[in-house]
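K.L.:
One structure, as C-alpha cells, below. Some questions next.
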Amino acid sequence: MKAAMLEIQQYLVLHPVVKMNTKLKTKYMALLKHFVSESGSRDVWDKQMLKLYSSKLGVADSKDKIKDLSFLEKFKFFHYRYFLLTDCLFISSFDNSKKGEKALNKIIGFHGERYRNKMQAVFNAFYGTGDRETIATIPGLEPVYKVIWKNRDFYSRAEKRIMITANMSAGKSTLLNALLGKKVNKMQNATCTAKIHYLHNKAGEDGLIYEWDHDLELDATHEILMDDNEANETTEIHVGSRFRSIAETDTKVCFIDTPGVNSSMEKEHREMSNETIKNTKCDLLLYLFNAENIGSDDDIRHLKYVKENYSGDIIFLVNRMDRFKKNVDSVSQTMESVEKDLQKIGFKEPKVYPISAYAAYLAKMSMYGEELSEDEQDDLDFLKRKLSRSEFAYETYYPCEIEVPKDKCNELSDVLVHSGILSLENIIFDQEGDH
C-alpha cells in the first residue's frame, strides 16, 4: 500500500446504502466484497476498507466468499448499480485503472450488457478520463463524485514535506497536535519507541483518523493512536487526518516527526533523528526550542549537527515563553538572545519566531468541541488572560498579518492569533512542495 492513500477522504456518509435496512445492507456488502475479490485485490487497504464499510453500516464482517450469485438475483440493486461500481473502484483500484477494468467488466456481467455504455461513462468519470455530465444524471451520485474528484486532484499534487526536530521536553508533540487540531501524538515526556512519524493531511474532513503502524486502522481510536504497535519492525508510523484550523488547510503536506535527541536519552533516538535530517528530502525544517532551557549543551550539539548536515530552509521556534514571569523574564530579550546564538553557530539571518504550542492546542480542541480535562480547562483560561497581554502577542514577531473572519472572532480565535500558530500556518501552508 502507498502511504499517499492515507490522504484519501471517505464519502460513505453520502452513500444511499446508509439509509437501507439491515437486510439490504448485508446483501450489498456481500456483493461489494465479492467484486472487490474478483478484481484480484489483496491489498491491506482493500481489506481494511471493507472492514470500515461493514463497521459503519452495522453489518457483520463475514469472511466467507460467495460461490454462487444466484441467491442475489432479486437483490441486483438496480438503483445502486453505479454506486456498486464506484465503491469497488474506490476500494480496490483508486490509482490503477487497469485493475479497475476487471471490476467494471465483472459488474457489467452481473447487471447486463445493456448497462455497458453508462457503466463505462461512470468508469471514465471516476478516473478523470471522460466528461462528468453522466454523473449528474444519476440520482445521488454527484455528491459522492465531488469527493472522489477532490481526492484525485489532491492525490496528484506534489507533497510539501516539513520535518520537525527538537530535544525532549521542547513541546514538539504538542506543536504537532496543535497544527493538526487533533490529538494524534503522545504529549507526555515518557520515553517512546524510536520511530519516525509521518502525519499526512487528508483531502477533506470525514471524521476518521487513519494509522498505519504495521496494522492499518482506518478509524483509529485514541487508544490505538497513543500506543505503538510492537509488531511494527520498521522505523515508520504513518497517520492520515484532515488538519483543522480557522481556515481550511488545502495544502498537501506531510509533517515528519523525529524522536527527541537529548544526549541523556536513548542513543537510538538521537541516531535515528540525525539520519533522518541528513538523508530525508524535505521542503522545510522546524527546529523547536524550550524557552526555559535555552543554550543547553544538548541544543548546541544538535544545532551544530543540523548546520553541518541540512542545507534547506529552517524556521526556529521558541516555545513555552508563556511560562515567563512578569518583570523576571523577557520575551523580546529571549528572542534576541536566540537569534544571536544561532548566528554564532553559523546560521545567517535565521528566521526565529515565538510559539505557544500548548495554548494553540487547547484553543483548537475547545473550538472543535473536544473534551478538555478540568486541569486543561484551567490552563486554557489562564492562557487566555496571559496571551492577551501585549508582551505575549506572538503574532507581532511574524512577517505576516492574520485576519480572522468576523464570524469566527471570539476568545478562542484570539488565543490562536496570539499563540503564533495561525502566523506559522500562514507561512508553512502558503505554497505546495516543489519536489
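The values are calculated or read from the model by the stated rules, or taken from the named source; none is laboratory data. The structure displayed is predicted, hence computed values, not measured ones. We place every Cβ from the backbone using ideal geometry, glycine too, and count neighbours over all the protein chains shown. When the accessible area is computed, the model is the full protein with side chains, heavy atoms only, and any ligands, DNA or RNA have been set aside. Shrake-Rupley method; radii C 1.70, N 1.55, O 1.52, S 1.80 Å.
K.L.:
Tally up the residues in the range 299-319 that are under 23 Å from Leu179 (Cα atoms), in contact with a helix residue (DSSP H, G or I) (Cβ under 9 Å, 6 or more places away or on another chain) and open to solvent by 50 Å² or more (accessible area, probe 1.4 Å), please.
P.N.:
0
K.L.:
Just checking, does the range 368-375 include any residue being under 19 Å from Lys325 (Cα atoms), of a type in the set (S, T, N, Q) and part of a loop (DSSP other than H, G, I, E, B)? Reasoning before the result, please.
P.N.:
So the first thing to find is which residues in the range 368-375 are under 19 Å from Lys325 (Cα atoms), and the list is none.
Taking every residue of the range 368-375 in turn, none turns out to be under 19 Å from Lys325 (Cα atoms), of a type in the set (S, T, N, Q) and part of a loop (DSSP other than H, G, I, E, B).
K.L.:
Hey, can you tell me all the residues within the range 220-246 that are out of contact with any Asp or Glu (no Cβ under 8 Å at 6 or more places or on another chain) and open to solvent by 10 Å² or more (accessible area, probe 1.4 Å)?
P.N.:
Restricting attention to the range 220-246, the residues satisfying the condition of being out of contact with any Asp or Glu (no Cβ under 8 Å at 6 or more places or on another chain) are 221-223, 226-227, 230, 233-236, 241, 243, 246.
Within the range 220-246, Thr221, His222, Glu223, Met226, Asp227, Glu230, Glu233, Thr234, Thr235, Glu236, Ile246 qualify.
K.L.:
Out of the range 274-297, which residues are crowded, with 20+ Cβ neighbours inside 10 Å, under 13 Å from Met168 (Cβ atoms) and either out of contact with any Leu (no Cβ under 6 Å at 6 or more places or on another chain) or free of Cβ contacts under 8 Å to residues at least 24 places away in the same chain (or both)?
P.N.:
Phe289, Asn290
K.L.:
A further question on this structure: Considering only residues that are among the basic types (Lys, Arg) and without any contact (Cβ under 8 Å) to a residue 12 or more places away in the chain, look in the range 1-46 and name the one that is farthest from Asp95 (Cα to Cα).
P.N.:
Within the range 1-46, the match that is farthest from Asp95 (Cα to Cα) is Lys23.
K.L.:
Exactly one condition in (1) within 28 Å of Arg242 (Cα to Cα); (2) more than 25 Å from the chain's Cα centre (by Cα); (3) open to solvent by less than 60 Å² (accessible area, probe 1.4 Å) is false for Pro399; which is it?
P.N.:
Only one criterion in (1) within 28 Å of Arg242 (Cα to Cα); (2) more than 25 Å from the chain's Cα centre (by Cα); (3) open to solvent by less than 60 Å² (accessible area, probe 1.4 Å) is unmet by Pro399, namely (3).
K.L.:
Additional query: Which of the following residues is in contact (Cβ under 8 Å) with a residue 12 or more places away in the chain and over 20 Å from Ala247 (Cβ atoms): Glu370, Glu376, Glu411, Glu425?
P.N.:
On the way: Glu370 fails: over 20 Å from Ala247 (Cβ atoms); Glu411 fails: over 20 Å from Ala247 (Cβ atoms); Glu425 fails: over 20 Å from Ala247 (Cβ atoms).
Sole residue among the options that is in contact (Cβ under 8 Å) with a residue 12 or more places away in the chain and over 20 Å from Ala247 (Cβ atoms): Glu376.
K.L.:
Which residue out of Glu217, Glu271 is out of contact with any Phe, Trp or Tyr (no Cβ under 6 Å at 6 or more places or on another chain) and surrounded by fewer than 16 Cβ atoms within 10 Å (Cβ to Cβ)?
P.N.:
Values: Glu217 fails: surrounded by fewer than 16 Cβ atoms within 10 Å (Cβ to Cβ).
Result: Glu271 is the single residue among Glu217, Glu271 that is out of contact with any Phe, Trp or Tyr (no Cβ under 6 Å at 6 or more places or on another chain) and surrounded by fewer than 16 Cβ atoms within 10 Å (Cβ to Cβ).
K.L.:
Find the residue count for the range 298-323, including only residues that are in contact (Cβ under 8 Å) with a residue 60 or more places away in the chain and within 28 Å of Lys386 (Cα to Cα). Steps first, please.
P.N.:
Going residue by residue through the range 298-323, those that are in contact (Cβ under 8 Å) with a residue 60 or more places away in the chain are 298-299, 302, 306, 315, 317, 319-322.
Right, trim to within 28 Å of Lys386 (Cα to Cα) and you get 299, 315, 317, 319-322.
The number of residues fulfilling the criteria is 7.
K.L.:
Moving on. Taking Asn262 as the residue in question, decide whether it is surrounded by 20 or more Cβ atoms within 10 Å (Cβ to Cβ), farther than 29 Å from Lys56 by Cα and modelled with pLDDT under 90. Spell out how you get there, then give the answer.
P.N.:
Details: surrounded by 20 or more Cβ atoms within 10 Å (Cβ to Cβ): yes; farther than 29 Å from Lys56 by Cα: yes; modelled with pLDDT under 90: yes.
Yes, satisfied.
K.L.:
Looking at the range 347-360, which of its residues are open to solvent by less than 10 Å² (accessible area, probe 1.4 Å) and assigned to a helix (DSSP H, G or I)? Give the steps one after another, and end with the answer.
P.N.:
Of the range 347-360, the ones open to solvent by less than 10 Å² (accessible area, probe 1.4 Å) are 354-357, 359-360.
Ala357, Ala359, Ala360 - these are the residues of the range 347-360 that are open to solvent by less than 10 Å² (accessible area, probe 1.4 Å) and assigned to a helix (DSSP H, G or I).
K.L.:
Here's a follow-up. Looking for something in a loop (DSSP other than H, G, I, E, B) and free of Cβ contacts under 8 Å to residues at least 24 places away in the same chain - is there at least one such residue anywhere in the range 336-343? Before the answer, list the steps.
P.N.:
First pass over the range 336-343, keeping only residues in a loop (DSSP other than H, G, I, E, B): none.
No, the range 336-343 contains no residue that is in a loop (DSSP other than H, G, I, E, B) and free of Cβ contacts under 8 Å to residues at least 24 places away in the same chain.
K.L.:
Select from the range 137-158 the residues that are surrounded by fewer than 14 Cβ atoms within 10 Å (Cβ to Cβ), within 12 Å of Glu7 (Cα to Cα) and of a type in the set (S, T, N, Q) and list them in ascending order.
P.N.:
Scanning the range 137-158 gives a single hit, Ser156.
K.L.:
Let me ask something else about it. Any residue at all in the range 264-287 that is in contact with a His (Cβ under 9 Å, 6 or more places away or on another chain) and in a strand (DSSP E or B)?
P.N.:
yes
K.L.:
Quick test for you: out of Ser390, Ser423, Ser337, Ser373, pick the one residue that is touching a helix residue (DSSP H, G or I) at 6+ places or on another chain (Cβ under 8 Å) and polar (S, T, N, Q).
P.N.:
On the way: Ser390 fails: touching a helix residue (DSSP H, G or I) at 6+ places or on another chain (Cβ under 8 Å); Ser337 fails: touching a helix residue (DSSP H, G or I) at 6+ places or on another chain (Cβ under 8 Å); Ser373 fails: touching a helix residue (DSSP H, G or I) at 6+ places or on another chain (Cβ under 8 Å).
Going through Ser390, Ser423, Ser337, Ser373 in turn, just one is touching a helix residue (DSSP H, G or I) at 6+ places or on another chain (Cβ under 8 Å) and polar (S, T, N, Q): Ser423.
K.L.:
Further question: Could you give every pair whose Cβ atoms fall below 6 Å, whose first residue belongs to the range 120-132 and is over 18 Å from Gly109 (Cβ atoms), and whose second residue is part of a loop (DSSP other than H, G, I, E, B) and at pLDDT below 95, counting only separations of at least 6 or pairs across chains?
P.N.:
Asn124/Gly130; Ala125/Arg132
K.L.:
Among (1) in contact with an Asp or Glu (Cβ under 8 Å, 6 or more places away or on another chain); (2) within 22 Å of Ile148 (Cβ to Cβ), where does Glu205 come up short?
P.N.:
In the conditions (1) in contact with an Asp or Glu (Cβ under 8 Å, 6 or more places away or on another chain); (2) within 22 Å of Ile148 (Cβ to Cβ), Glu205 misses (1) alone.
Residues checked against (1) under 24 Å from Leu52 (Cβ atoms); (2) free of Cβ contacts under 8 Å to residues at least 40 places away in the same chain; (3) in contact with a Ser or Thr (Cβ under 9 Å, 6 or more places away or on another chain):
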| position | (1), (2), (3) |
| --- | --- |
| Val144 | yes, no, yes |
| Val147 | yes, no, no |
| Ser156 | yes, yes, no |
| Lys172 | no, no, yes |
| Glu236 | yes, no, no |
| Val239 | yes, no, no |
| Arg242 | yes, no, yes |
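K.L.:
If I filter the range 5-28 down to residues being hydroxyl-bearing (Ser, Thr, Tyr) and open to solvent by less than 10 Å² (accessible area, probe 1.4 Å), which single residue comes out as nearest to Gly58 (Cα to Cα)?
P.N.:
The initial filter retains those residues of the range 5-28 that are hydroxyl-bearing (Ser, Thr, Tyr), namely 11, 22, 26, 28.
Subsequent filtering for residues that are open to solvent by less than 10 Å² (accessible area, probe 1.4 Å) retains 11, 28.
On the way: Tyr11: 16, Tyr28: 12 Å.
Going through the qualifying residues, I end up with Tyr28.
K.L.:
For the range 381-391, which positions are part of a helix (DSSP H, G or I) and crowded, with 21+ Cβ neighbours inside 10 Å? Before you say what the answer is, go through the steps one by one.
P.N.:
Restricting attention to the range 381-391, the residues satisfying the condition of being part of a helix (DSSP H, G or I) are 381-386, 390-391.
Passing the criteria: only Leu383.
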